[in-house]
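As structure tokens, the structure follows; a few thoughts come after it.
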Amino acid sequence: MVRSYQRRRLFRLVGAFLLSQASGVRPALAAAPADHLLRATLASFLDVLLPRDALSGSATDLQVDTQLWELLQTDTRFFRLVTVGCQWLNMTGGPPFSRLSAQQQITVVEWMSNSDWQEIPRRFYELVRQAAVELYYSQVGAWGGLSISHAPQPVGFAPPWA
């Protein structure tokens, strides 16, 4: 019962996006949402990508959302992509992405990861994920459970015999 509800909700989300594309209405290009909604959506998306576990904190625990937000201020194209991507995430027909259940958020992000590269959801997913992973693993707090004690760069990895 829960799965069919989630599936219907995802289909409604995808349908709304496709309908807006087909009709020429571009809600994703409307005025940018308030910063707090944009930042809450981005933070929730990042925590789906990099969740907390027993050994390390989530993306927001390590302030990847804040670091990424600062990075966005230096690149208008990346900022626009993130704005449009977050608007797309919030087009569920229900609450904003940040207030969906964890499983609903995961379902939406999984769909994005398999969508067409030429469309905004997949571009947003890939580019934000790449930036977030770099910011996350550059911090000592993310290394719990890994067999490293320092960043591999700029020195590089130790040889296998060391």
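The values are calculated or read from the model by the stated rules, or taken from the named source; none is laboratory data. Note that this is a predicted model, so its numbers are computed, not measured. Methodologically, a virtual Cβ is constructed for each residue, glycine included, from the backbone with ideal geometry; neighbour enumeration extends over all protein chains shown.
Being surrounded by 19 or more Cβ atoms within 10 Å (Cβ to Cβ) and part of a helix (DSSP H, G or I) is the filter here; which residues of segment 79-97 pass it?
Scanning segment 79-97 gives Val82, Thr83, Val84, Gly85, Cys86, Gln87, Trp88, Leu89, Phe97.
Does any residue in segment 32-60 that is under 16 Å from Leu100 (Cβ atoms) come within less than 8 Å, Cβ to Cβ, of a residue that is among the acidic types (Asp, Glu) and surrounded by fewer than 19 Cβ atoms within 10 Å (Cβ to Cβ) six or more places away or on a different chain, and which pairs are these?
Going by the 8 Å Cβ cut-off, there are no qualifying pairs.
Conditions (1) buried (at least 18 other Cβ atoms within 10 Å of the Cβ); (2) modelled with pLDDT of 95 or more; (3) in a loop (DSSP other than H, G, I, E, B), marked per residue:
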position: Gln21; (1), (2), (3): no, no, no
position: Pro33; (1), (2), (3): no, no, yes
position: Thr41; (1), (2), (3): yes, yes, no
position: Ala54; (1), (2), (3): no, no, yes
position: Ser58; (1), (2), (3): yes, no, yes
position: Glu110; (1), (2), (3): no, yes, no
position: Gln118; (1), (2), (3): no, no, yes
position: Tyr125; (1), (2), (3): yes, yes, no
position: Val133; (1), (2), (3): no, no, no
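In segment 83-133, which residues are touching a residue at least 24 places away in the same chain (Cβ under 8 Å) and of a type in the set (D, E, K, R)?
Of everything in segment 83-133, those that are touching a residue at least 24 places away in the same chain (Cβ under 8 Å) and of a type in the set (D, E, K, R) turn out to be Arg123, Arg129.
Quick grid of which residues meet (1) aromatic (Phe, Trp, Tyr); (2) modelled with pLDDT of 95 or more; (3) under 19 Å from Leu37 (Cα atoms):
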site: Cys86; (1), (2), (3): no, yes, yes
site: Gly93; (1), (2), (3): no, no, yes
site: Ala102; (1), (2), (3): no, yes, yes
site: Gln139; (1), (2), (3): no, no, no
site: Leu146; (1), (2), (3): no, no, no
site: Ala151; (1), (2), (3): no, no, no
site: Ala162; (1), (2), (3): no, no, no
